[in-house]
Structures are given as structure tokens and as C-alpha cells.
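Notes follow once the structure below has been shown.
The values are calculated or read from the model by the stated rules, or taken from the named source; none is laboratory data. In this text the structure is predicted, and so the values were computed from the model without any measurement. Quick reminder, even Gly has a Cβ in these numbers, built from the backbone with ideal geometry, and neighbours come from all protein chains shown.
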Amino acid sequence: MGMLMWPLVIEGALLILLVLLLIYRSTLSMHEDDQLFLTESESHMQREQIEVMQKLNKVTPMVKWLGAASGVLGLVIVGVFVYQQLQQMQ
């Protein structure tokens, strides 16, 4: 289990960061509107929507990369664990 300790710690940190980003992204998307019908006096709402979309566009690639990294690291951990178990059986 000593060989797997650091990858498991890193995986845990990646998952915590991923969950935090997913929570942040969901709170941002709650403030997003699909369609706005605005008059001139409500133009500040358009600016707010643009800011929300910019934030979402920054967070989404990070979520994808962290998800992919977490998945790959999870597969590596499972592979190392299976390898260790096979070595112990011999």
C-alpha cells in the first residue's frame, strides 16, 4: 500500500478541487438566463449575464481537465493495485 499512498492523496486532492469547481459552476449557472428581453433601462442585466458567461467559459475547461486527470489517475491507481495483487499471488 506504500506505493499507492501518494497517488491516492493526489487523487483525493483532485477530486476535492473538482467538486468545488462543480459547485462553483452550478452556482454560476443558476444566475444564467437562456433568453433576455431587455429595454434600455435594463442594460445592466445584459452586462451581468455577459460576466456570468465569461466566468462559466473560464471554469468549464478547468472542470474538463480536472475530470480527465482524475479519471486517468484513478485508472493508474487501479492498475497499480491489480499489479501489486498479482505479484503477491505469485
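In segment 47-67, of all residues being charged (D, E, K, R) and closer than 18 Å to residue 26 by Cβ, the one that is farthest from the chain's Cα centre (by Cα) corresponds to 48. Residues that are of a type outside the set (A, V, I, L, M, F, W, C), exposed (fewer than 13 other Cβ atoms within 10 Å of the Cβ) and more than 30 Å from residue 8 (Cα to Cα) within segment 44-67 comprise 44, 46, 47, 51, 54, listed in sequence order. In this entry, residue 38 is excluded by the filter for residues that are surrounded by 11 or more Cβ atoms within 10 Å (Cβ to Cβ) and at pLDDT 80 or above. When residue 70 is evaluated against the numbered criteria (1) surrounded by 10 or more Cβ atoms within 10 Å (Cβ to Cβ); (2) of a type in the set (S, T, N, Q); (3) over 30 Å from residue 27 (Cα atoms), which criterion, by number, is the only one it fails? With (1) surrounded by 10 or more Cβ atoms within 10 Å (Cβ to Cβ); (2) of a type in the set (S, T, N, Q); (3) over 30 Å from residue 27 (Cα atoms) applied to residue 70, the lone miss is (3).
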